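**Student:** One structure follows; several queries about it will come next.
The values are calculated or read from the model by the stated rules, or taken from the named source; none is laboratory data. These figures come from a predicted structure and were not determined experimentally. Here Cβ is always computed from backbone atoms with ideal geometry, including for glycine, and neighbour counts include all displayed protein chains. Just so you know, the surface numbers come from the protein's heavy atoms only, side chains and all, with ligands and any DNA or RNA stripped out. Shrake-Rupley method; radii C 1.70, N 1.55, O 1.52, S 1.80 Å.
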Amino acid sequence: MKIYYHDRITLPLPEGHRFPMPKYALLRQRITAAAIIPEGDILPGPAATYEQLTRVHTPDYVDRVRDGRLSEREIRQIGFPWSPGMFQRARHSVGSTIAACRAALSEGYGLNLGGGTHHAGPDYGQGFCVFNDCAVAARAIQAEGLAERIVILDCDVHQGNGTAEIFAGDPTVFTFSIHGQKNFPFRKKPGDLDIGLPDDADDPIYLDALEEGVDRALAAAGADLAIYLAGADPYAGDRLGRLAVTKRGLAQRDRYVLDACRAAGLPVAIAMAGGYGKNIEDTVDIHFQTVQLAAEIERAGRDLQD
Ligand SMILES: [Zn+2]
């Protein structure tokens, strides 16, 4: 299973900033230390091209991100101070998801150790999201003729408003989001299937809703590729999550999503998406268990073929 990272590009953030920049490098270190993926399969993600980005985002917005011409308001909405690294990091994050999709289509699974920037819309960024990696990847894969119909299974605790807006009225990309109803973004955009959970939803509530939602999404989408946003932020110990799901519950979620996709014969590209644990190690644990499970399922499938 190929996994793509882009943690060598970091953004200078002010002291006390809420974004957990170190989680990406910590996650990769954990994967390397556990030796669950051959080292040659852990690869730096490529940069998305201008052409790829502008299938989803307006050229004007992409240019202004690149050249540092965003307004104060736009920068505040993104939540990172602008620096030249912003464009570089964002396009490698997008490129990593595109690469993960290609890997999934040829090998069954592919992984981006970041991405899931689902709040970015056609001409704006929001909530730590500059470009929408999953949307750009879906369009790239369609443009290359590698898949016709794509289902986006967004299990980050925040609604995938940007993704929903980008694919509104497009029957070829099905957008599913399961999220905290009272959480950010406060103005949600309707996707193809949205499940808004109450504050403090625990494992049974979360998993019941998830299973029903994933089943409905897969049945309705008729997809040939799934993109799974495996957010760590529904976790009870998350600072921005407002739900009460345990690590075990999130492992069950991953298992359900990956099993359901396998049963439907769907290749899966996985992006890590959000995770703001009060303790960063908890966030890394949750992402790590997603990677571990995908590696396990992939290995089991290969053993069956041998
Ligand atoms: Zn989130």
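**Student:** From the list R89, R28, R64, R69, exactly one residue is surrounded by fewer than 17 Cβ atoms within 10 Å (Cβ to Cβ) and of a type in the set (K, R). Which is it?
**Tutor:** R69
**Student:** Could you run through segment 259-279 and say how many residues are of a type in the set (A, V, I, L, M) and open to solvent by 50 Å² or more (accessible area, probe 1.4 Å)?
**Tutor:** Summing the residues that are of a type in the set (A, V, I, L, M) and open to solvent by 50 Å² or more (accessible area, probe 1.4 Å) in segment 259-279 gives 2.
**Student:** Next up: Can you name every residue in segment 214-234 that is small (G, A, S) and within 24 Å of G277 (Cβ to Cβ)?
**Tutor:** A230, G231, A232 - these are the residues of segment 214-234 that are small (G, A, S) and within 24 Å of G277 (Cβ to Cβ).
**Student:** Checking the conditions here, which among R248, R255, R216, R239 is surrounded by fewer than 19 Cβ atoms within 10 Å (Cβ to Cβ), basic (K, R), out of contact with any Asp or Glu (no Cβ under 6 Å at 6 or more places or on another chain) and in contact (Cβ under 8 Å) with a residue 60 or more places away in the chain?
**Tutor:** Going through R248, R255, R216, R239 in turn, the sole match is R239.
**Student:** Right, here's the next one. Only one of (1) farther than 22 Å from A264 by Cα; (2) free of Cβ contacts under 8 Å to residues at least 60 places away in the same chain; (3) away from the ligand (no atom under 15 Å from the Cβ); (4) surrounded by fewer than 16 Cβ atoms within 10 Å (Cβ to Cβ) fails for A209. Which number is that?
**Tutor:** Here A209 meets the rest and fails (1).
**Student:** What pairs come out if I take residues in segment 123-134 that are surrounded by fewer than 24 Cβ atoms within 10 Å (Cβ to Cβ) and part of a strand (DSSP E or B) and pair them with residues that are among the polar types (S, T, N, Q) and modelled with pLDDT of 95 or more whose C-beta lies under 8 Å away, six or more apart or interchain?
**Tutor:** Y124/Q77; Q126/Q77; Q126/N161
**Student:** Output the qualifying pairs, or none if there are none: Cβ atoms under 8 angstrom, residues six or more apart or on different chains, first residue in segment 31-55 and touching a residue at least 40 places away in the same chain (Cβ under 8 Å), second residue assigned to a loop (DSSP other than H, G, I, E, B) and of a type in the set (D, E, K, R).
**Tutor:** P44/R8
**Student:** Would you confirm, using the coordinates I've provided, whether A168 is on the phi < 0 side of the Ramachandran plot, in contact with a strand residue (DSSP E or B) (Cβ under 9 Å, 6 or more places away or on another chain) and surrounded by fewer than 23 Cβ atoms within 10 Å (Cβ to Cβ)?
**Tutor:** yes
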